Amino acid sequence: MTDGMAEDPSDTACLENVPQHVAIILDGNGRWAKKRGMPRTYGHKVGAENVERICREAWDIGIKYLTVYAFSTENWSRPEDEVSTLMKLFGSYIRSTFKTAPKNNMRVRFLGDLSRFTPKLRESMRELEEFTSGLTGLSLQICVNYGSRDEITRAVRQIAQDVKSGVKDPDEITEADISGKLDTRDVPDPDLMIRTSGEQRLSNYLLWQLAYSEFYFTETAWPDFDRAELIKACEAYAQRNRRYGRV
């Protein structure tokens, strides 16, 4: 994914124990724009453009999976013009990714309850997933109309239906069964979760999957989050001792 990029080996030469899966809460777009006297929608536009850049940087430093929180189930309550702009940006991003994904060898998947989007947008998502399914570089998961409680609720409903139909004995339900019903069933759990713009909460993001992930919070707003900031997060991760509850 380094096509067109001048690699600087000095900033990755000492980077060890790179997280294989990084999840990011893309926070601060609106506040970033407001500080510059621009509408919140401008921040979302710049933030959307930054996703492509960070995807290239992530693969370049050795990250294999990147999952981004783009639009939550709660974001529908934002002002109508802002939601409308976000939907247009989302459609534009999908169209551009048909061109950039093959060049970057990047597979794209969408996580969340996609039923609320327009049929045209859902079809575009499905086509992009199919179009990139055979690519072998970075695996990008985009969480849209996503909320972890909603995801878990949907998983429980599926398991309940399996029990009702006799496919599953309730006494035999395992953590693996639940994981297998989640939107992330084909993706390993994140090693590192990054939230930008200073907030220190999960905001209903990957609650099941982040059980043993390392957290990294930065004051940097998402539009300003760059390669150097990503490396800082990975360096902090490399210094952690992940015990998974053991001594």
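Within the group ASP186, ASP171, which residue is in a helix (DSSP H, G or I) and of a type outside the set (A, V, I, L, M)?
Values: ASP186 fails: in a helix (DSSP H, G or I).
After ruling out the rest, the residue left standing is ASP171.
Within the range 174-183, how many residues are touching a residue at least 12 places away in the same chain (Cβ under 8 Å) and assigned to a loop (DSSP other than H, G, I, E, B)?
Going through the range 174-183, the residues touching a residue at least 12 places away in the same chain (Cβ under 8 Å) turn out to be 177-179, 181-183.
If we keep only those that are assigned to a loop (DSSP other than H, G, I, E, B) as well, we get 181-183.
Looking only at that region, the number is 3.
Across the range 194-232, what is the total count of residues that are under 18 Å from GLY47 (Cα atoms), touching a residue at least 60 places away in the same chain (Cβ under 8 Å) and either in a helix (DSSP H, G or I) or not β-branched (Val, Ile, Thr) (or both)?
The total comes to 13.
Of all residues in the range 151-175 being among the acidic types (Asp, Glu) and farther than 19 Å from GLN209 by Cβ, which is surrounded by the most Cβ atoms within 10 Å (Cβ to Cβ)? Give the derivation first.
Step one: of the range 151-175, the residues among the acidic types (Asp, Glu) are 151, 162, 169, 171-172, 175.
So of that shortlist, the ones also farther than 19 Å from GLN209 by Cβ come out as 162, 169, 171-172.
Working: ASP162: 16, ASP169: 9, ASP171: 5, GLU172: 8.
Top of the filtered list is ASP162.
Anything in the range 76-111 that is more than 15 Å from VAL51 (Cβ to Cβ), touching a Leu at 6+ places or on another chain (Cβ under 8 Å) and touching a residue at least 40 places away in the same chain (Cβ under 8 Å)? List them, or say none.
The answer is ASN105, and nothing else.
Within the range 64-72, does at least one residue satisfy the condition of being of a type outside the set (Gly, Ala, Ser), out of contact with any helix residue (DSSP H, G or I) (no Cβ under 8 Å at 6 or more places or on another chain), part of a loop (DSSP other than H, G, I, E, B) and within 18 Å of THR184 (Cα to Cα)?
Step one: of the range 64-72, the residues of a type outside the set (Gly, Ala, Ser) are 64-69, 71.
After this cut, where a residue has to be out of contact with any helix residue (DSSP H, G or I) (no Cβ under 8 Å at 6 or more places or on another chain) as well, the list is 64-65, 67, 69.
Those left that are additionally part of a loop (DSSP other than H, G, I, E, B): 64.
Imposing the further condition that a residue be within 18 Å of THR184 (Cα to Cα) reduces the set to 64.
Yes; the residues of the range 64-72 include at least one that is of a type outside the set (Gly, Ala, Ser), out of contact with any helix residue (DSSP H, G or I) (no Cβ under 8 Å at 6 or more places or on another chain), part of a loop (DSSP other than H, G, I, E, B) and within 18 Å of THR184 (Cα to Cα).
Is there any pair linking a residue in the range 35-56 that is among the aromatic types (Phe, Trp, Tyr) to one that is outside any loop (DSSP other than H, G, I, E, B), with Cβ under 6 Å and at least six apart or on different chains, and which?
Once the first residue is among the aromatic types (Phe, Trp, Tyr) and sits in the range 35-56, its partners that are outside any loop (DSSP other than H, G, I, E, B) give TYR42/ALA33.
Being among the hydrophobic types (A, V, I, L, M, F, W, C), within 28 Å of ASP183 (Cα to Cα) and part of a helix (DSSP H, G or I) is the filter here; which residues of the range 22-63 pass it? Lay out the reasoning, then the answer.
We begin by selecting, within the range 22-63, every residue among the hydrophobic types (A, V, I, L, M, F, W, C); these are 22-26, 32-33, 38, 46, 48, 51, 54-55, 58-59, 61, 63.
Keeping just the survivors that are within 28 Å of ASP183 (Cα to Cα) gives 22-26, 46, 48, 51, 54-55, 58-59, 61, 63.
Hits for the range 22-63 are VAL46, ALA48, VAL51, ILE54, CYS55, ALA58, TRP59, ILE61.
Checking TYR93 against (1) surrounded by 16 or more Cβ atoms within 10 Å (Cβ to Cβ); (2) under 29 Å from ASP177 (Cα atoms), only one condition comes out false. Which one?
TYR93 satisfies all of (1) surrounded by 16 or more Cβ atoms within 10 Å (Cβ to Cβ); (2) under 29 Å from ASP177 (Cα atoms) except (2).
If I ask for residues that are in a helix (DSSP H, G or I), surrounded by 15 or more Cβ atoms within 10 Å (Cβ to Cβ) and free of Cβ contacts under 8 Å to residues at least 40 places away in the same chain, which ones from the range 130-150 would you list?
Of all residues in the range 130-150, those in a helix (DSSP H, G or I) come to 130-132, 148-150.
Imposing the further condition that a residue be surrounded by 15 or more Cβ atoms within 10 Å (Cβ to Cβ) reduces the set to 131-132, 148, 150.
Listed by number, the residues that qualify are PHE131, THR132.
How many residues are surrounded by 12 or more Cβ atoms within 10 Å (Cβ to Cβ), of a type outside the set (A, V, I, L, M, F, W, C) and not in a strand (DSSP E or B) when one looks only at the range 107-122?
Kept after step one, since they are surrounded by 12 or more Cβ atoms within 10 Å (Cβ to Cβ), are these residues of the range 107-122: 107-114, 116-117, 121-122.
If we keep only those that are of a type outside the set (A, V, I, L, M, F, W, C) too, we end up with 107, 109, 112-113, 116, 122.
Within this subset, residues satisfying the condition of being not in a strand (DSSP E or B) are 112-113, 116, 122.
Residues flagged as surrounded by 12 or more Cβ atoms within 10 Å (Cβ to Cβ), of a type outside the set (A, V, I, L, M, F, W, C) and not in a strand (DSSP E or B) within the range 107-122 amount to 4.
Computed from the coordinates by the stated procedures, all read-outs in this text should not be read as laboratory data. Quick caveat, the model's predicted, so the values are computed rather than measured. So basically every Cβ, Gly included, is an ideal-geometry build from the backbone, and we count neighbours across all protein chains shown.
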